[in-house]
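Heads up, the thing below is written out as structure tokens.
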Amino acid sequence: MRAVLFDLDGTLMDHDAARVFGLSAHVATLMPGLPGDELTRLDEEWQRLEALHYDEYAAGRISFQEQRRRRVRGLHDALGRPAPSAAAADAWFAGYLGHYREAWRAFDDVLPALAALAQAFPGAALGIVTNGEGEAQRAKLAAIGVAERFPVVVASSEAGVSKPAAEIFALACEQLGVAPHEAAHVGDRLDLDAHGAAAAGLRGIWLDRPRSGDAAPGVTTIATLHELPDALAA
């Protein structure tokens, strides 16, 4: 094992917690006094809209800005409000984004796992493979205090291809100077991360933080990054 690649959102950074905080803080500025059950409903809808439209962006069907606008319009629809213009949707999302950024944090297991990984596999190269905009994803890595650990960051916006396509994993391996079979990729999405990496010739490792218990043939499953060094050594 000469290299270990990581996904970012949901793997290293607690995106869900940041999303919940960002939406609740932003909505509170726009609709103060909103009941808790209504805020919960909006968060569930915001999560659904993100999954739907971000995957459309990752698949190359819409632009990064358009997926943001569709999410905002979808939330307005859930509130029974008219769809905002493109400019108004952009402004709404910018307000949300400011609160979302305030809550960027690494999961508690990230730094201990990286230290244990360095001890178990001295000299192993580290990299990031992420479906997203390169500038924003690098800002997240800096904010959570791990940017210097990852000399290679391959973002779909810059690579021109997204996970689970084999090409994006191959590009990361090329930049790290390793063959795919000498690398592993760790991520919280079974389809995009673990299966995508395995199909590209890497060792696919699924980080199942919720401990769903879902079957994942052909890949290694862990519930926390604390388990990663032993999983790689097995």
The residue that is farthest from the chain's Cα centre (by Cα), considering only those in the range 157-210 that are over 14 Å from Ala58 (Cα atoms) and β-branched (Val, Ile, Thr), is Val178
By residue number, the members of the range 55-96 that are part of a loop (DSSP other than H, G, I, E, B) and either assigned by TED's automatic domain parsing to the domain that holds Asp193 or closer than 30 Å to Glu167 by Cβ (or both) are Ala59, Gly60, Arg61, Ile62, Ser63
Apart from one, (1) closer than 20 Å to Tyr57 by Cα; (2) more than 13 Å from the chain's Cα centre (by Cα) all hold for Pro122; the odd one out is (1)
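To keep it simple, each residue is scored yes or no on (1) small (Gly, Ala, Ser); (2) out of contact with any Gly (no Cβ under 9 Å at 6 or more places or on another chain); (3) modelled with pLDDT under 95.
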site: Asp188; (1), (2), (3): no, no, no
site: Gly196; (1), (2), (3): yes, no, no
site: Gly201; (1), (2), (3): yes, yes, no
site: Gly204; (1), (2), (3): yes, no, no
site: Gly218; (1), (2), (3): yes, no, yes
site: Ala223; (1), (2), (3): yes, yes, no
If we keep only residues of the range 207-234 that are of a type in the set (Val, Ile, Thr) and in a loop (DSSP other than H, G, I, E, B), then the residue nearest to Gln119 (Cα to Cα) is Thr224
Over the range 10-50, the set of residues surrounded by 14 or more Cβ atoms within 10 Å (Cβ to Cβ) and β-branched (Val, Ile, Thr) is Thr11, Val20, Val27
For Val161, the lone unmet condition from (1) at pLDDT 95 or above; (2) in contact with an Asp or Glu (Cβ under 8 Å, 6 or more places away or on another chain); (3) under 22 Å from Phe64 (Cβ atoms) is (1)
Checking Leu97, Leu12, Leu111, Leu49 in turn, the sole residue that is of a type outside the set (Val, Ile, Thr), within 23 Å of Leu225 (Cβ to Cβ) and touching a Gly at 6+ places or on another chain (Cβ under 8 Å) turns out to be Leu111
Here the residues within the range 53-79 that are hydrophobic (A, V, I, L, M, F, W, C) and either closer than 17 Å to Ala91 by Cα or in contact (Cβ under 8 Å) with a residue 12 or more places away in the chain (or both) are Ala58, Ala59, Phe64, Val72, Leu75, Ala78, Leu79
For the range 51-69, the count of residues that are buried (at least 19 other Cβ atoms within 10 Å of the Cβ) and not small (Gly, Ala, Ser) equals 6
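The values are calculated or read from the model by the stated rules, or taken from the named source; none is laboratory data. Computed from a prediction, not measured in an experiment: that's the story for all the values here. Glycine gets a Cβ as well: all are built from the backbone with ideal geometry, and neighbour counts include every protein chain shown.
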